[in-house]
Each structure stands twice: as structure tokens, then as C-alpha cells.
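The values are calculated or read from the model by the stated rules, or taken from the named source; none is laboratory data. This one's a predicted model, so the numbers in the text were calculated from it and none came from an experiment. Neighbour counts are summed over all protein chains in view; Cβ atoms, including those assigned to glycine, are modelled from backbone coordinates with ideal geometry.
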Amino acid sequence: MLLGVITLVADLTRYATGGGLQMTSLLAFWKGIAPQSLTAFAGIVQRYAHPYIWDPGFVRLLVLPTAFLCFALGALFGILGRRKRRVNIYAN
């Protein structure tokens, strides 16, 4: 979630300075940080998985805004990691 906030603030800062609202995609973000790992990941997925997993699957996820994906993953992990509520049942 913190990475989502950071990328959202960076995108909104660019908008406030007159650059227009342009959300950074995960693909552009990943290329900017570690382009070799992106190339390696793409090669591994294309080599060991079905071709449709990379092209329509991962490519569609990578063009989504980074902030959206980080918030979605944070919410998913928050839901999966929450403690279950204990229910006490008393029988008379």
C-alpha cells in the first residue's frame, strides 16, 4: 500500500506541475527501476508457460497504473492476513 501511495503522489505531483494527468504503468515503473529483471521475467514466462499467459495475461496487468495494482495487492493481502473472528457458542 505504501508503494501505491508513493506512486500516486509522484503521478499527482507531475499533474500539479502542468504535465497533465498521466498515470505511470507498472511496465514503465519496472523498466525504470530494473529493466534486466523485466526482460528475464518475460523470457522465463514465455519459455515455461503457455504463450497466452504472457501476452494477454501479464501484458494487460503491466499496462495498468502502478498505484492501482499496489492498492489492489495491499487490500488482497490485508483481507487474507486478517485474524479470524472468534465466535463463542454456549449451549445450555
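Kindly check whether there is at least one residue in region 1-15 that is loosely packed, with under 11 Cβ neighbours inside 10 Å and at pLDDT below 90. No, every residue in region 1-15 fails to be loosely packed, with under 11 Cβ neighbours inside 10 Å and at pLDDT below 90. Among the residues of region 49-92, those that are touching a residue at least 60 places away in the same chain (Cβ under 8 Å) and among the aromatic types (Phe, Trp, Tyr) comprise 68, 71. Looking at the structure I just gave you, is residue 86 at pLDDT below 90, outside any helix (DSSP H, G or I) and either under 18 Å from the mean Cα position of the chain (by Cα) or not aliphatic (A, V, I, L, M) (or both)? Judged against the criteria, residue 86 is a match.
If the condition is being assigned to a loop (DSSP other than H, G, I, E, B) and touching a strand residue (DSSP E or B) at 6+ places or on another chain (Cβ under 7 Å), then region 19-52 contributes 23, 24. Screening region 55-73 for residues that are surrounded by 14 or more Cβ atoms within 10 Å (Cβ to Cβ) and over 9 Å from the mean Cα position of the chain (by Cα) and picking the one that is modelled with the lowest pLDDT gives 57.
Among the conditions (1) of a type in the set (Lys, Arg); (2) at pLDDT below 90; (3) in contact with a helix residue (DSSP H, G or I) (Cβ under 9 Å, 6 or more places away or on another chain), the only one that residue 31 does not satisfy is (2). Within region 1-40, the set of residues being among the aromatic types (Phe, Trp, Tyr) and more than 26 Å from residue 79 (Cβ to Cβ) comprises 15 only. With respect to residue 34, determine if the residue is without any contact (Cβ under 8 Å) to a residue 24 or more places away in the chain, closer than 17 Å to residue 6 by Cβ and among the hydrophobic types (A, V, I, L, M, F, W, C). Taking the combined requirement at face value, the residue satisfies it.
The residues of region 16-28 that are surrounded by 13 or more Cβ atoms within 10 Å (Cβ to Cβ) and in contact with a helix residue (DSSP H, G or I) (Cβ under 7 Å, 6 or more places away or on another chain), listed by number, are 23, 24, 25, 26, 27.
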